[in-house]
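To start, the structure itself, in structure tokens.
The values are calculated or read from the model by the stated rules, or taken from the named source; none is laboratory data. What you are looking at is a predicted structure, and each value in this text was computed from that prediction instead of being measured. Heads up, the Cβs are rebuilt from the backbone with ideal geometry, glycines too, and the neighbour counts pull from every protein chain shown. In case anyone asks, the SASA skips ligands and DNA or RNA and just uses the protein heavy atoms, side chains included. Shrake-Rupley method; radii C 1.70, N 1.55, O 1.52, S 1.80 Å.
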Amino acid sequence: MAKKKYYVVWSGRKTGIFNTWAECEKQVKGFQGARFKSFESKAEAEAAFSNGKAPIKNSFAKKSVQSKVKAPVGDVIWDSVSVDVGCRGNPGIVEYKGVHTKTGEILFSHPEIHIGTNNMGEFLAIVHGLAWLKQQGKEETPVYSDSKTAMKWVKDKKVNSNLKRDKETEYIWSLVERAEKWLKTNTYKNPILKWHTELWGEIKADYGRK
């Protein structure tokens, strides 16, 4: 039988201590800047709620006592760039764009690429965003992506895709190589941040094809 848990919501539609995940989820799902966490005992939950913030992890505490639910997520940084990909098939036709997160204004885009993968498109979109921001002199403006894979590839400065390279895929591979070269020959300060779709809804650059 699963252990009973208590859910604290510091920021949500309603705040307080909830006895089930279903009750907690109603308060935080889609709520911008939601902050919540689960606890193994009611006493821990009450203490954490009274303190107004999640407790700092005790390095001496047993792992079994630590919460296994998502840690609180900060607010959206609206003065930022959000990127996303539109795909028809995966692999398939790929296009991408970057928008201003607050206004939705399209800042840059790439037309349809005959054959590619979603993650390759996400990678290209992030790098295009970094290069565009560098040209604009906005080297501290964040870039949001909802692709963990693409974010890792940017960090590694290397795409790890099993897409076969042939005549049909040559173009996207040439774009990937150019983007990898840009990452290896340029520096940037822009934070690359994960867009939390489960809390904030679809990323602002979404193509609406899901």
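Could you please let me know if E168 is open to solvent by 40 Å² or more (accessible area, probe 1.4 Å), farther than 27 Å from A34 by Cβ and part of a helix (DSSP H, G or I)? Judged against the criteria, E168 is not a match. With the requirement that a residue be under 22 Å from H114 (Cα atoms) and hydroxyl-bearing (S, T, Y), what does the stretch 130-174 give you? S147, T149, S161, T169, Y171, S174 - these are the residues of the stretch 130-174 that are under 22 Å from H114 (Cα atoms) and hydroxyl-bearing (S, T, Y).
Among the residues of the stretch 78-91, which ones are farther than 20 Å from Q32 by Cβ and either modelled with pLDDT of 95 or more or touching a helix residue (DSSP H, G or I) at 6+ places or on another chain (Cβ under 6 Å) (or both)? Within the stretch 78-91, V85, C87, N90 qualify. Scan the stretch 146-161 and give yes if some residue there is touching a Gly at 6+ places or on another chain (Cβ under 7 Å) and either open to solvent by 20 Å² or more (accessible area, probe 1.4 Å) or among the charged types (D, E, K, R) (or both), otherwise no. No: zero hits. Looking only at the stretch 71-124, residues that are assigned to a strand (DSSP E or B) and either open to solvent by 40 Å² or more (accessible area, probe 1.4 Å) or not polar (S, T, N, Q) (or both) come to 28 in all. Every listed requirement among (1) assigned to a helix (DSSP H, G or I); (2) under 16 Å from V94 (Cβ atoms); (3) open to solvent by less than 20 Å² (accessible area, probe 1.4 Å) is met by S174 save one, (3). Given the condition farther than 30 Å from S11 by Cα and open to solvent by 50 Å² or more (accessible area, probe 1.4 Å), answer yes or no: does some residue in the stretch 194-210 qualify? Yes, some residue in the stretch 194-210 is farther than 30 Å from S11 by Cα and open to solvent by 50 Å² or more (accessible area, probe 1.4 Å). Within the stretch 131-151, residues that are closer than 17 Å to V176 by Cβ sit with their Cβ atoms under 6 Å from residues that are among the β-branched types (V, I, T) and in a strand (DSSP E or B), at 6+ positions apart or across chains, in these pairs: S145/V83; M151/I192.
Considering the stretch 1-40, and only residues there that are part of a loop (DSSP other than H, G, I, E, B) and within 13 Å of D75 (Cα to Cα), the residue that is modelled with the highest pLDDT turns out to be G12. Name the pairs whose Cβ atoms lie under 7 Å apart, with the first residue in the stretch 28-52 and in contact (Cβ under 8 Å) with a residue 60 or more places away in the chain, the second charged (D, E, K, R), and 6 or more positions between them or separate chains? That search, which allows pairs on different chains as well, returns K29/E198; F31/R13; Q32/D75.
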